[in-house]
Amino acid sequence: MTLRHPARKRDDGRRGRFEQTAELASNLTSSPLFAAFCLALVAAFVAVHVAGESLAVQLLVGDAMAAVTLLLLALLKNSERRAEHAVQRKLDAIASALLEQQEGEPGEAHQRLKDAIRLEERL
């Protein structure tokens with residue numbers, strides 16, 4: 001296990017299994033289908049409490065909501081860190097390209113800027 005920033009684990013443009021799974025899960029959780037699922041889960045939670053169901057059923061529904069909440073939190077943090085890293089790389093590339101342009105020597109920084117423009121698609 002490593003404690004490196006998730007977006008910096010691979011710099012070659014390839015994504016690992018976790019990154020691919022997180023991206024798929026992020027796409028799923030931003031879909032209308034998942035929003036409907038969450039609404040149904042909340043409705044079930046309210047219905048179970050209003051109907052006065054047994055404590056075991058109430059706990060089951062509450063635990064399901066807690067598990068979904070925890071998963072969403074993890075996905076949100078992963079997405080936030082990847083976006084943060086992509087923005088920082090773009091800002092660094094812009095700054096380097098501006099310095100090169102000011103010095104009159106376009107070169108490597110301009111290429112890094114071109115590479116950084118679509119960076120978030122690779123992270």
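The values are calculated or read from the model by the stated rules, or taken from the named source; none is laboratory data. Predicted model, so just to flag it, every value in this text is computed and none were measured. Because the Cβ atoms are built from the backbone with ideal geometry, glycine has one as well, and the counts that use them run over all protein chains shown.
Only residues that are among the charged types (D, E, K, R) and either more than 24 Å from SER26 (Cα to Cα) or modelled with pLDDT under 75 (or both): list them for region 86-123, please.
If we filter region 86-123 for residues that are among the charged types (D, E, K, R), which is where we start, we get 89-90, 92, 100, 103, 105, 108, 112, 114-115, 118, 120-122.
Within region 86-123, ASP92, GLU100, GLU103, GLU105, GLU108, ARG112, LYS114, ASP115, ARG118, GLU120, GLU121, ARG122 meet the criteria.
Checked against the criteria, ALA83 counts as within 30 Å of LEU39 (Cβ to Cβ), touching a helix residue (DSSP H, G or I) at 6+ places or on another chain (Cβ under 9 Å) and either surrounded by 12 or more Cβ atoms within 10 Å (Cβ to Cβ) or modelled with pLDDT under 80 (or both).
Out of the residues in region 60-85 meeting the condition of being charged (D, E, K, R) and touching a residue at least 24 places away in the same chain (Cβ under 8 Å), tell me which one is farthest from LEU28 (Cα to Cα).
Filtering region 60-85 down to residues charged (D, E, K, R) leaves 63, 77, 80-82, 84.
If we keep only those that are touching a residue at least 24 places away in the same chain (Cβ under 8 Å) as well, we get 81-82, 84.
Details: ARG81: 18, ARG82: 17, GLU84: 21 Å.
Looking at residues that are charged (D, E, K, R) and touching a residue at least 24 places away in the same chain (Cβ under 8 Å), I get GLU84.
Checked against the criterion of being surrounded by 15 or more Cβ atoms within 10 Å (Cβ to Cβ), over 28 Å from LEU113 (Cα atoms), among the β-branched types (Val, Ile, Thr) and at pLDDT 85 or above, the candidates VAL48, VAL57 yield just one match: VAL48.
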